[in-house]
1. Could you list, in sequence order, the residues of the stretch 108-124 that are open to solvent by 80 Å² or more (accessible area, probe 1.4 Å) and of a type in the set (Asp, Glu)?
2. Filter the stretch 107-120 down to the residues that are in contact with a Pro (Cβ under 9 Å, 6 or more places away or on another chain) and within 16 Å of Thr12 (Cβ to Cβ) and list them by number.
3. May I ask you to say which residue of Arg116, Arg107, Arg85 is modelled with pLDDT of 95 or more, part of a loop (DSSP other than H, G, I, E, B), charged (D, E, K, R) and under 17 Å from the mean Cα position of the chain (by Cα)?
4. Name the pairs whose Cβ atoms lie under 7 Å apart, with the first residue in the stretch 94-107 and over 14 Å from Ala83 (Cα atoms) and open to solvent by 60 Å² or more (accessible area, probe 1.4 Å), the second among the β-branched types (Val, Ile, Thr) and assigned to a helix (DSSP H, G or I), and 6 or more positions between them or separate chains?
5. Within the stretch 62-82, how many residues are open to solvent by 60 Å² or more (accessible area, probe 1.4 Å) and modelled with pLDDT under 85?
Amino acid sequence: IMAPQPPKLSATRLRKLRAALEDERAQLLGQVAELDDAADVKNWRESGFDDDPADAGSASFERETAQSLSLHAKGLLTQIEDALRRLEAGDGYGVCAGCGRRIEFERLEALPYTTRCTDCRRREESGR
């Protein structure tokens with residue numbers, strides 16, 4: 001049995017979601033800049049004056065961690081940019097890519113860039 005179709009998003013709710021997406025995008029852009037900067041600074045230090053292998057290994061680990069976190073943040077930024085494009089175009093924002101039904105407002109409020117409704121996400125996670 002399928003749950004009833006969630007209601008269409010009101011203009012007020014769409015504005016709230018757009019603001020949430022824009023806030024999250026701004027935060028992530030700041031994080032990416034800091035992480036990329038950290039990776040560069042550590043790279044510079046690593047090739048610098050310390051010949052201690054433990055220091056070099058630690059710096060390498062920190063740089064790789066910063067790069068990994070930056071990559072993750074960039075992936076989220078892509079999802080946010082895609083969501084903002086769909087929202088601006090009025091084309092598919094808030095519609096599940098799995099079943100074509102509207103995504104619950106509560107889910108969009110928690111993850112404004114999601115492309116799956118709760119049911120499809122659960123099915124995806126359980127492998128069915």
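1. Scanning the stretch 108-124 gives Glu109, Glu124.
2. Hits for the stretch 107-120: nothing passes.
3. One residue alone meets the criteria, Arg116.
4. From residues that are over 14 Å from Ala83 (Cα atoms) and open to solvent by 60 Å² or more (accessible area, probe 1.4 Å), there are no pairs.
5. 1
The values are calculated or read from the model by the stated rules, or taken from the named source; none is laboratory data. Everything numeric in this text was worked out from a predicted model, so none of it was measured. Cβ atoms come from the backbone with ideal geometry, glycine included; neighbour counts cover every protein chain shown. For accessibility, only protein heavy atoms count, side chains too; no ligands or nucleic acids. Shrake-Rupley method; radii C 1.70, N 1.55, O 1.52, S 1.80 Å.
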